[in-house]
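Quick notes on the structure that follows.
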Amino acid sequence: MKQQKETTMFLEVMGESPTTKILDYLLTFIMYDFTISEISIHANVSRVTTTKIMKKLLKQKIIKKTRKMCAATLYDLNRKDVKVKALEKLFEGLLFC
């Protein structure tokens, strides 16, 4: 069962595509890392779609693998990437609108 989530200003501006929902979740909790299952549940995106998007974001170096816990791999935003830095600025700017 997927959680209902309020629309954030980031989603209002960027749209509510599965990719932006995932990025919104990762930007909201930027100091943490998550499994694909956790991201899927909290971003309200199917696990299959989340897996596809995560592969794309990994290839673009927007996210990175941080560690393994048993069989699960954890991911977070690659805060050194220029695209992520720009997203962070936008996200933070929209917090105060």
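Values in this text are rule-based calculations from the coordinates and carry no lab data. Here the structure is a predicted model, which is why all the values come from computation and not from measurement. Glycine also receives a Cβ, built like all others from the backbone with ideal geometry; neighbour counts cover every protein chain displayed.
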Quiz prompt | the chain - mean residue ellipticity at 222 nm from DSSP helices (-39,500 (n - 2.57) per run, n ≥ 4, rounded to 500) | solution = -16000 deg cm²/dmol
Exercise. Among LEU94, MET69, VAL84, pick out the residue whose Cα is farthest towards the positive end of the charge dipole of the chain, where Lys and Arg carry +1 and Asp and Glu carry -1 on C-beta, about the Cα centre.
Key: MET69
Quiz prompt | Rg over Rh [alpha-carbon atoms, Kirkwood Rh] for the chain | solution = 0.94
Self-check item: Dipole magnitude (debye, nearest 20) for the chain, charges at Cβ of Lys, Arg, Asp, Glu
Solution: 660 debye
Quiz item: Can you list the lysines whose alpha carbon sits under 20 Å from that of LYS52, skipping same-chain ones fewer than 8 residues off?
Solution: LYS2, LYS21, LYS61, LYS64, LYS65, LYS68, LYS83
